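The values are calculated or read from the model by the stated rules, or taken from the named source; none is laboratory data. Just so it is clear, the model here is predicted, and its values are computed rather than measured. Cβ coordinates were reconstructed from backbone atoms using ideal geometry, including for glycine residues, and neighbour counts include every protein chain displayed.
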Amino acid sequence: MDNEIIKYAKENNLILTPETLKHLSSDNYKEILNKLKEKNLFIVKEKDVLDVKNQKEEKKYFKNFYILDKYDITGKNYSQGSIEDFHKLFLDKYEKISKMIKIRPNFEHTTIEQARLLVKGKPADVIGMVYDKGISKNGNLILTIDDPTGQIKLVIMNKDEKEFFKHKEILLDNVLGFKTSLLSKDMLIVNEVIYPDIPFEKKTHNLPKDVYLTIIGDVHVGSKKFKEKEFLKFIEWLNGNFEDEKELTKKIKYLVIAGDLVDGIGVYPTQFNELAITDIKKQYELFEEYILKIREDIEIFIISGNHDAVRLSDPQPAITKEYMPRLYEKENIHILGSPAWVVIEGFKTLMYHGASLHGIYTEIKNAKMDKPDTAMIEVLKRRDLMPQYGNRQTFVPIEKNLMVIEEVPDIFITADVHHHAYSKYKHVHLIASSCWQDMTDFQKELGHVPTVSKALLFNLKTEELLIKDFLEKEI
């Protein structure tokens with residue numbers, strides 16, 4: 001076979017080095033050598049053959065993604081801000097989450113109205129939204145729950161310290177299932193608490209080659225503490241300008257920017273003193289300049305954050321064209337609200353900036369800001385991105401509750417706390433992004449140390465995470 005390849009090369013005025021032959025076969029040598037002939041080469045080196053092969057492989061790759069628009073608030077008006085809208089909001093949440101609990105095995109749903117009519121001691125499986133909670137004088141947990149048929153009190157006995165501690169972390173507005181026994185028409189004794197949670201699922205995606213999804217967030221362009229040098233270095237690297245990592249970066253086909261693109265104006269009381277750019281439009285103009293440098297074969301998904309020029313309340317719509325007109329013109333750039341859902345190479349991906357998770361950190365002991373994936377697990381268990389209404393984050397009264405996690409994600413991405421993290425809960429990959437801003441005065445007060453200038457690369461074939469650190473070390 002080698003003699004046949006060498007003969008064909010000579011006929012086309014090409015001389016092959018010995019190393020080139022190991023990359024040529026009966027299946028590819030004519031196509032590759034014909035392309036090299038077009039380049040007017042005389043001596044063909046190994047690198048020349050590999051370049052042609054890689055170009056051929058790249059052409060075979062077709063990106064595969066689609067956006068689940070039905071879960072994005074952008075351009076939709078579900079609210080007039082009335083009391084009736086608040087009622088629809090909570091009713092929709094109850095109905096969606098209760099369906100998840102009703103399908104659990106050995107759960108025979110009984111409404112609160114029906115439970116009141118049972119004989120004392122009879123079992124009743126109820127689903128309710130937690131309206132109130134407290135500790136009785138005997139040290140038991142008392143919950144008040146309601147459903148569309150009425151309201152009733154529940155008693156969770158303090159029998160097992162470990163179990164009781166978990167039950168104390170039930171949050172107001174959680175929709176939960178309870179296996180109970182009737183104590184009286186106004187009270188049930190709880191035997192088991194059932195969270196909607198996500199099921200155990202074994203999924204296979206079987207991508208034929210390495211494809212990377214890169215995750216960043218909290219860029220904060222416009223802040224004096226913005227790490228511009230590192231961000232530009234990241235973009236240069238992403239564009240394949242680091243020779244020793246070209247093979248890796250060309251496999252990056254997707255980029256998620258998880259909110260707080262700019263630092264904003266008036267987000268917190270002393271912010272003005274920390275701004276390098278005090279005009280919000282100029283902040284976005286500079287952000288555009290950076291993103292327009294990124295090579296166009298990468299699909300970029302950008303969601304809103306609490307520092308961006310959109311309403312603070314969740315769910316947040318996409319940043320409007322007024323602020324990023326040049327990015328809106330690009331076919332490979334997708335500007336979405338928060339939360340947003342995108343299916344990427346078969347991976348159902350939930351993106352949410354994460355402001356409501358602050359309520360989790362204050363209420364649940366094991367949820368830590370330097371381990372944001374701990375809070376992400378809690379919202380998955382509750383199937384609700386805002387499990388407790390108005391705790392550290394406001395919510396727009398809309399008739400369709402877009403904060404309920406109706407589908408089961410394969411990848412769940414957040415940002416906001418400026419601390420990267422990765423773990424896996426059941427089959428779901430939890431990824432919290434790093435930031436591109438030095439420690440703020442507010443973070444110093446909290447004693448929170450951010451992780452800065454890191455890009456997180458998720459390999460969609462191997463389902464492994466790689467962290468690239470771009471932070472310039474101080475000498």
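Could you tell me whether E201 is acidic (D, E) and in contact (Cβ under 8 Å) with a residue 40 or more places away in the chain?
Values: acidic (D, E): yes; in contact (Cβ under 8 Å) with a residue 40 or more places away in the chain: yes.
Taking the combined requirement at face value, the residue satisfies it.
If you go through region 251-272 and keep only what is among the charged types (D, E, K, R), crowded, with 18+ Cβ neighbours inside 10 Å and farther than 25 Å from S313 by Cα, you end up with just K253.
Just one residue in the set K122, K63, K59, K70 is modelled with pLDDT under 95, touching a Ser or Thr at 6+ places or on another chain (Cβ under 9 Å), exposed (fewer than 15 other Cβ atoms within 10 Å of the Cβ) and of a type outside the set (A, V, I, L, M); that residue is K122.
Could you tell me whether L89 is surrounded by 12 or more Cβ atoms within 10 Å (Cβ to Cβ) and part of a loop (DSSP other than H, G, I, E, B)?
Numbers: surrounded by 12 or more Cβ atoms within 10 Å (Cβ to Cβ): yes; part of a loop (DSSP other than H, G, I, E, B): no.
It is false that L89 is surrounded by 12 or more Cβ atoms within 10 Å (Cβ to Cβ) and part of a loop (DSSP other than H, G, I, E, B).
For region 406-419, a residue qualifies if it is of a type outside the set (F, W, Y) and under 12 Å from the mean Cα position of the chain (by Cα), and the qualifying residues are P409, D410, I411, I413, T414, A415, D416.
Every test in (1) surrounded by fewer than 22 Cβ atoms within 10 Å (Cβ to Cβ); (2) farther than 24 Å from V267 by Cβ; (3) not polar (S, T, N, Q) is passed by Y323 save one, and that test is (2). Restricted to region 11-27, and to residues there that are surrounded by 15 or more Cβ atoms within 10 Å (Cβ to Cβ) and not in a strand (DSSP E or B), the residue that is farthest from the chain's Cα centre (by Cα) is L14.
Output the residue which, of all residues in region 273-300 that are aromatic (F, W, Y) and under 20 Å from H418 (Cβ atoms), is surrounded by the most Cβ atoms within 10 Å (Cβ to Cβ).
Residues of region 273-300 that are aromatic (F, W, Y), as a first pass: 284, 287, 290.
Still in the running and under 20 Å from H418 (Cβ atoms): 287, 290.
Values: F287: 25, Y290: 17.
This residue is F287.
Criterion applied to Y361, Y422 was being more than 15 Å from the chain's Cα centre (by Cα) and not charged (D, E, K, R), and the one residue passing it is Y361.
So that you can scan it fast, the table gives a plain yes or no per residue for (1) touching a Leu at 6+ places or on another chain (Cβ under 9 Å); (2) farther than 30 Å from K63 by Cβ:
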position	(1), (2)
K224	yes, yes
K227	yes, no
L238	yes, no
L248	yes, no
L255	yes, no
L261	no, no
V267	yes, yes
T270	no, yes
T278	no, yes
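For I467, state whether it is modelled with pLDDT of 95 or more, surrounded by 15 or more Cβ atoms within 10 Å (Cβ to Cβ) and of a type outside the set (D, E). Against the criterion (modelled with pLDDT of 95 or more, surrounded by 15 or more Cβ atoms within 10 Å (Cβ to Cβ) and of a type outside the set (D, E)), I467 does not qualify.
Of everything in region 334-346, what is buried (at least 22 other Cβ atoms within 10 Å of the Cβ) and either under 20 Å from Y212 (Cα atoms) or touching a Leu at 6+ places or on another chain (Cβ under 8 Å) (or both)? Give them in sequence order. Break it down into steps so the answer makes sense when it comes.
Here is the first cut: in region 334-346, the ones buried (at least 22 other Cβ atoms within 10 Å of the Cβ) are 335-342, 344.
Within region 334-346, I335, P339, A340, W341, V342, I344 qualify.
Using the structure shown, decide if Y352 is in the same structural domain as I252 (by TED's automatic domain parsing) and closer than 26 Å to H427 by Cβ. Steps first, answer last, please.
Details: in the same structural domain as I252 (by TED's automatic domain parsing): yes; closer than 26 Å to H427 by Cβ: yes.
In short, yes.
Within region 399-410, residues that are in contact (Cβ under 8 Å) with a residue 40 or more places away in the chain and within 18 Å of Y389 (Cα to Cα) reach partners that are among the acidic types (D, E) and crowded, with 18+ Cβ neighbours inside 10 Å with beta carbons closer than 9 Å, at six or more positions or on different chains, in the pairs N401/D384; L402/D72; L402/D314; M403/D314; M403/D384; V404/D384; I405/D384.
Whether a residue is part of a loop (DSSP other than H, G, I, E, B) and at pLDDT 90 or above was assessed, and G390 does not pass this test.
The set of residues from region 202-249 being charged (D, E, K, R), farther than 16 Å from L471 by Cβ and out of contact with any Phe, Trp or Tyr (no Cβ under 8 Å at 6 or more places or on another chain) comprises K202, K203, D210, K224, E243, D244, K246, E247.
Name the residues in region 411-424 that are more than 29 Å from F90 (Cβ to Cβ) and either without any contact (Cβ under 8 Å) to a residue 60 or more places away in the chain or touching a Leu at 6+ places or on another chain (Cβ under 6 Å) (or both), would you?
Step one: filter region 411-424 for residues more than 29 Å from F90 (Cβ to Cβ), giving 418-424.
Within region 411-424, H419, H420, A421, Y422, S423, K424 meet the criteria.
Looking at this structure, is A375 of a type in the set (G, A, S) and part of a helix (DSSP H, G or I)?
Numbers: of a type in the set (G, A, S): yes; part of a helix (DSSP H, G or I): yes.
Here the answer is yes, as A375 does meet what is asked.
Pairs linking a residue in region 152-176 that is outside the structural domain of L380 (by TED's automatic domain parsing) and touching a residue at least 12 places away in the same chain (Cβ under 8 Å) to a residue that is part of a loop (DSSP other than H, G, I, E, B) and among the acidic types (D, E), with Cβ atoms under 9 Å and 6 or more positions apart or on different chains, are I152/D186; K153/D186. Of all residues in region 298-315, exactly one satisfies the criterion of being at pLDDT below 95 and either outside any loop (DSSP other than H, G, I, E, B) or of a type in the set (D, E) (or both), namely D314. Taking the stated definitions as given, is K229 surrounded by fewer than 20 Cβ atoms within 10 Å (Cβ to Cβ), outside any loop (DSSP other than H, G, I, E, B) and over 25 Å from the mean Cα position of the chain (by Cα)? Judged against the criteria, K229 is a match. Please state which of the following conditions V452 fails to meet, knowing it meets all the rest: (1) assigned by TED's automatic domain parsing to the domain that holds G305; (2) at pLDDT below 95; (3) of a type in the set (V, I, T). Failed condition: (2).
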